[in-house]
1. Name the single residue, out of those in the range 40-87 being surrounded by 11 or more Cβ atoms within 10 Å (Cβ to Cβ) and among the hydroxyl-bearing types (Ser, Thr, Tyr), that is nearest to the chain's Cα centre (by Cα).
2. Counting only residues that are at pLDDT below 90 and either within 6 Å of the ligand (Cβ to nearest atom) or farther than 18 Å from residue 128 by Cα (or both), how many does the range 209-236 have?
3. Where in the range 81-173 are there strands (runs of 3 or more DSSP E), lying fully within it, with 1 or more residues that are in contact (Cβ under 8 Å) with a residue 24 or more places away in the chain and β-branched (Val, Ile, Thr)?
4. When the residues of the range 138-155 are narrowed to those that are closer than 18 Å to residue 205 by Cα and in contact with a His (Cβ under 9 Å, 6 or more places away or on another chain), which ends up most open to solvent (accessible area, probe 1.4 Å)?
5. Out of (1) within 15 Å of the chain's Cα centre (by Cα); (2) away from the ligand (no atom under 12 Å from the Cβ), what's the single condition that is false for residue 161?
6. From 127, 168, grab the single residue that is among the hydroxyl-bearing types (Ser, Thr, Tyr), within 28 Å of residue 248 (Cβ to Cβ) and surrounded by 15 or more Cβ atoms within 10 Å (Cβ to Cβ).
Amino acid sequence: INIHSTALYDAENSRMGTLIIFHDITRLRRLETMHKDFAANVSHELQTPLTTVKGFIETLQGMMPSNAPGSYEHFLHIIEKNVNRMVALINDLLALSRLERLQGTGVEFEHQDLATLIQGAVHACDSQMKEKKINITVECPDNASAPVDPLLMEQAILNLLDNAVKYSPHESRVNVKVTPKEQQIQIIIKDNGNGIAKEHLSKIFNRFYRVDKARTRNEGGTGLGLAIVKHIVQYHHGNVSVTSEKGRGTAFTLTIPA
Ligand code: ADP
């Protein structure tokens, strides 16, 4: 039940009483839960047929006769790429609905070593980094730690690193900097990439929002990466902010309680 109250005054401005409004939101909450369950169930159900399709693509690739027309291999490659894109999308949708369920559960986290966690994320985007010859540097004081869910926080940092590499030119630099403050820890992920124009900045954390739709689809993104980052950080009672300059680069700042 939502409760609102307000004081009531007469024409002489003397207090007459209080108006209290009770708003029963049970139905609304039930609908919200149904909606979330539906998204999670659909995503889950789609995983099984996609796994089968993936398996048969691999079988066909292995069975390809050496005299098969070149277009066969090319078409199979297109099917594989699109199936992989659907798998990534479903995984991200499932991750988001799990995070929605976790919000407000009041879990207490154990302290984790941040350098190890960041190295894990850097390691996970090693192949994209090498492909574009991008150098990722990490500045993290010894023994810097924070109470976090290690898998989720690594995922948030990985999503930001992945974007930094994706939206930066070849041979550029990406920097991760950890700064412990009194009550908080700040993690900044900064790139020298194409940047984001001001008018888009407030919207990029929305689901499926992309600055350049055609380009980012080609890059293989799902459009959910930053929405996931925002949910993970909120689950840790922190916040995420962004500053960017078109053509010069972007910096994402994660602030979490220490
Ligand atoms: P996507 O899967 O499309 O990358 P995200 O939610 O991760 O989805 O990001 C949303 C959009 O924000 C991207 O499509 C891109 O336009 C923009 N963006 C995110 N990170 C960066 C960055 N480091 N540099 C430039 N643009 C970025």
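1. 43
2. 8
3. Here the list reads 135-139.
4. 152
5. With respect to (1) within 15 Å of the chain's Cα centre (by Cα); (2) away from the ligand (no atom under 12 Å from the Cβ), residue 161 is out only on (2).
6. Going through 127, 168 in turn, just one is among the hydroxyl-bearing types (Ser, Thr, Tyr), within 28 Å of residue 248 (Cβ to Cβ) and surrounded by 15 or more Cβ atoms within 10 Å (Cβ to Cβ): 168.
For every residue, the table says whether it meets (1) of a type in the set (Asp, Glu); (2) closer than 22 Å to residue 84 by Cα.
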position	(1), (2)
142	yes, no
155	no, yes
183	no, no
186	no, no
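The values are calculated or read from the model by the stated rules, or taken from the named source; none is laboratory data. Since this is a predicted model, take the numbers as computed values, not measurements. Glycine also receives a Cβ, built like all others from the backbone with ideal geometry; neighbour counts cover every protein chain displayed. All accessible areas refer to the heavy atoms of the entire protein, side chains included, with ligands and DNA or RNA removed. Shrake-Rupley method; radii C 1.70, N 1.55, O 1.52, S 1.80 Å.
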